[in-house]
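Only one structure is covered here, and it is reproduced in the block below.
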Amino acid sequence: MSDWTNRRAFVTGATGFVGAHVARLLVEQGASVVCLQRDAVRPGTLDLFDLRRRVTVIAGEVEDYALLERVLNEYDVEAVFHLAAQALVLAANRSPLSTFETNVRGTYMLLEACRRSQTVRRVVVASSDKAYGTHERLPYTEDDPLLGLFPYDASKACADILARCYAHAYGLPVAVTRFANVYGPGDLNLSRVIPGAIVAVLRGEAPVIRSDGTPVREFVYVDDVARGYLRLAEQIEEARGEAFNFGTGEPAQMLDLVRRIIRLAGKEGLEPRVMLQGKIAGEIDAQYLSAEKVREAVGWRAEVGLDEGLRRTIEWYRAHLNDLQ
């Protein structure tokens, strides 16, 4: 399957950053897209991309089994992309129960609705590199155990295992994504390092690094991410029951990353403000992924390098800076 024209797709989390990009790519490829929206926050990413008028938006929560069953049935959904999640690590630490409700209960409710559906043929569930927790060996591979012990990390590990459980126990055509940190146009969560640093720099302010600047992370551009979701859905028979890392092979240290943003934005006079002199308790020193498995299985590889992705992202925020006031 490679033609999405007139195919029915259901995207949970489509009002969020990554979900909106998946919905956008589906619409661009001719799909009929139904989106689930919990909170009517305006403007959201769907509005910034002028997508709301091009998709069907259903109000409700991913924990609502009856609603999910109705949507899959009434809209003859063939492909499901499950990206709905409470994705803020600090919020998860403050309120683990709401995080577990959305990320764990919401996942098994959706998987059960898909299992009982007579139209769903392909499902892709979003896990995260955070599900791995801490490992000494780098890069992480899919054979590494899921050791996420903090609330967000643990919730994604649970969702990851539940999805693969439904594939192996019930034959559900589902695959799991474990992406590195995603960045790009339209991320309205300015607590994340890349959008926060870009907006600060464009406003002429010193960007803040909420660590000592030494942690190493990997960042993947959101267009590559959206393409990865569709690729797994298109080749679900090759991907069924498996989890796949998606990364670039281009890890970056936080301080170097922010200095790169300053340079690419043409604001060389600014200097990052490093908030801590030592390590944050529980902070992972280095985390990045091997994407060899997904390249071999479905032919996906990152096409946008870090500098090019940051340039595109900076230009988008420059054009939309007034929308973020």
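The values are calculated or read from the model by the stated rules, or taken from the named source; none is laboratory data. Because the structure is a prediction, the values reported are computed rather than measured. In this analysis, Cβ positions are derived from the backbone assuming ideal geometry, glycine residues included, and neighbour counts consider all displayed protein chains.
At-a-glance table
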item: Qualifying residue in region 252-263 (condition: of a type in the set (Asp, Glu), surrounded by fewer than 17 Cβ atoms within 10 Å (Cβ to Cβ) and part of a loop (DSSP other than H, G, I, E, B)); result: no
item: Region 70-124: number of residues that are under 20 Å from Val55 (Cβ atoms), of a type in the set (Asp, Glu) and touching a residue at least 12 places away in the same chain (Cβ under 8 Å); result: 2
item: Test for Asn73: is it closer than 29 Å to Ser191 by Cβ and either at pLDDT 95 or above or surrounded by fewer than 22 Cβ atoms within 10 Å (Cβ to Cβ) (or both); result: no
item: Hits in region 78-109 (condition: under 22 Å from Thr56 (Cα atoms) and buried (at least 24 other Cβ atoms within 10 Å of the Cβ)); result: Ala79, Val80, Phe81, His82, Leu83, Ala84, Ala85, Gly106, Thr107
item: Unique match (being at pLDDT 95 or above, part of a helix (DSSP H, G or I), closer than 25 Å to Asp212 by Cα and of a type outside the set (A, V, I, L, M)) among Gly266, Gly309; result: Gly309
item: Residue selected from region 123-143 under the condition farther than 17 Å from Ala291 by Cβ and in a loop (DSSP other than H, G, I, E, B), by the criterion farthest from the chain's Cα centre (by Cα); result: Glu136
item: Whichever residue in region 285-325 is touching a helix residue (DSSP H, G or I) at 6+ places or on another chain (Cβ under 8 Å) and more than 23 Å from Ile198 (Cβ to Cβ) and, among such residues, is surrounded by the fewest Cβ atoms within 10 Å (Cβ to Cβ); result: Gly299
item: Residue match in region 58-66 (condition: among the aromatic types (Phe, Trp, Tyr) and touching a Phe, Trp or Tyr at 6+ places or on another chain (Cβ under 8 Å)); result: no
item: The lone exception for Gly247 - which of (1) buried (at least 19 other Cβ atoms within 10 Å of the Cβ); (2) small (Gly, Ala, Ser); (3) over 27 Å from Leu149 (Cα atoms) it fails; result: (3)
item: Number of the condition not met by Asn181 [criteria: (1) at pLDDT 95 or above; (2) on the phi > 0 side of the Ramachandran plot; (3) of a type outside the set (Ser, Thr, Tyr)]; result: (2)
item: Residues that are closer than 18 Å to Thr102 by Cβ, among the aliphatic types (A, V, I, L, M), touching a residue at least 24 places away in the same chain (Cβ under 8 Å) and surrounded by fewer than 24 Cβ atoms within 10 Å (Cβ to Cβ), drawn from region 1-55; result: Val41
item: Total residues in region 32-85, condition assigned to a loop (DSSP other than H, G, I, E, B), in contact with a strand residue (DSSP E or B) (Cβ under 7 Å, 6 or more places away or on another chain) and among the aromatic types (Phe, Trp, Tyr); result: 1
